[in-house]
1. Sort through R17, R111, R74, R78 and tell me the only one that's at pLDDT below 95, closer than 18 Å to D216 by Cβ and more than 17 Å from the chain's Cα centre (by Cα).
2. Hey, among the residues in the range 256-273 that are in a strand (DSSP E or B) and out of contact with any Ser or Thr (no Cβ under 9 Å at 6 or more places or on another chain), which one's modelled with the lowest pLDDT?
3. List the pairs whose first member sits in the range 54-72 and is free of Cβ contacts under 8 Å to residues at least 24 places away in the same chain, whose second member is among the basic types (K, R) and part of a loop (DSSP other than H, G, I, E, B), and whose Cβ atoms are under 7 Å apart, counting only residues at least 6 apart or on separate chains?
4. Please go through (1) farther than 16 Å from K215 by Cβ; (2) at pLDDT 95 or above; (3) of a type in the set (A, V, I, L, M) for L53 and return the number of the only condition it doesn't satisfy.
5. Report yes if some residue within the range 188-206 is open to solvent by 60 Å² or more (accessible area, probe 1.4 Å) and in a helix (DSSP H, G or I); otherwise report no.
6. Tally time: how many residues in the range 156-193 are in contact (Cβ under 8 Å) with a residue 40 or more places away in the chain, out of contact with any Gly (no Cβ under 7 Å at 6 or more places or on another chain) and of a type in the set (A, V, I, L, M, F, W, C)?
7. Of all residues being of a type in the set (S, T, Y) and within 26 Å of T137 (Cα to Cα) in the range 81-108, which is modelled with the highest pLDDT? Just the residue, please.
8. Does any residue of the range 8-29 turn out to be over 28 Å from G185 (Cβ atoms), touching a Leu at 6+ places or on another chain (Cβ under 9 Å), open to solvent by less than 10 Å² (accessible area, probe 1.4 Å) and not aliphatic (A, V, I, L, M)?
Amino acid sequence: MEDVLSGRGLRIGYEGRTVSEHLDVRIPPGSFTAIIGPNACGKSTLLRALSRLLKPASGQVFLQGRDIDSYPTREVARQLALLPQTSTAPDGITVADLVARGRFPHQSLLRQWSEADQQAVDAALAATGVQDLADRTVGELSGGQRQRVWLALVLAQDTPVLLLDEPTTFLDIAHQLEVLRLCRGLHRTGNYTLVTVLHELGMAFRFADHVIAMKDGRIVAQGTPAEIATPELMKEIYGIEALVIPDPATGGPLVVPLEPEDPSSGLPGTGRAGRTEVHPHGLPGTATDPTGISRQPGTPAPLTEGARA
């Protein structure tokens, strides 16, 4: 099956400074793709190139198998929507009015606001759970609410491809889960291909089904979470020792960073030499007693009620 979005031989950067080169990337149709990697490795730059906001110095981006530069701008906006890292709403604008701006690519001199546009906005507000906020101004909302409103805007754009640049940045864990559950729900409908830049490895490997790993402007690996979440790749990408164990909640891969031993501190590390046992529900460098409580090796297990008696 043809990739919905791909890049071949890309060299991209800003003002003559190359960030990445020799990039070959593919986004499978219907996938939930996470782009991961250290800070400043080129993740957001790649996303901007795939969205046609940044023109590659060389190479080509293909949308639905066709050179993206061959599309009129409005047609690109009907095929893919981008939610950037930071978005600023005009002062005083209401949620409904902001989300309605997602319908701009579908407007023209001959086609003004229609019932279909209103239905698309209503559906986007409902899908993101912000219909009760429609009459409130964006500026008075919480961070999690605002992020859902911006997601509603890109949904109202009604495109088969959604590109989300760090949609969980600055959100607490509850709001991160809220946003990514929403993305997963959209993905599971089968109507969307999602591409998102994520820093949280736990979130990336839990929610995505396709992962692109980057370092120093190059793509190190592309594949399923199980193929990417290996100790060897974690070492190559992030320079850390890590264990990969089953996620107790999902059974998928869970990356647990290990701390090297620090002789100056007098404390053992959590590296392989200092580990006595790794339990699927425990932590590296800990032992798990029969009560299920994780403890440092050598620490007595807590007394059970029977033992206390």
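The values are calculated or read from the model by the stated rules, or taken from the named source; none is laboratory data. What you see is a predicted model, and the numbers here were worked out from it, not measured in a lab. So basically every Cβ, Gly included, is an ideal-geometry build from the backbone, and we count neighbours across all protein chains shown. For accessibility, only protein heavy atoms count, side chains too; no ligands or nucleic acids. Shrake-Rupley method; radii C 1.70, N 1.55, O 1.52, S 1.80 Å.
1. Sole residue among the options that is at pLDDT below 95, closer than 18 Å to D216 by Cβ and more than 17 Å from the chain's Cα centre (by Cα): R17.
2. Among residues in the range 256-273 that are in a strand (DSSP E or B) and out of contact with any Ser or Thr (no Cβ under 9 Å at 6 or more places or on another chain), the one modelled with the lowest pLDDT is L267.
3. Between residues of the range 54-72 that are free of Cβ contacts under 8 Å to residues at least 24 places away in the same chain and residues that are among the basic types (K, R) and part of a loop (DSSP other than H, G, I, E, B), the close pairs are I68/R52.
4. Condition not satisfied by L53: (2).
5. So far as the range 188-206 goes, yes, one or more of its residues are open to solvent by 60 Å² or more (accessible area, probe 1.4 Å) and in a helix (DSSP H, G or I).
6. Number of matching residues: 7.
7. T94
8. There is at least one residue in the range 8-29 that is over 28 Å from G185 (Cβ atoms), touching a Leu at 6+ places or on another chain (Cβ under 9 Å), open to solvent by less than 10 Å² (accessible area, probe 1.4 Å) and not aliphatic (A, V, I, L, M).
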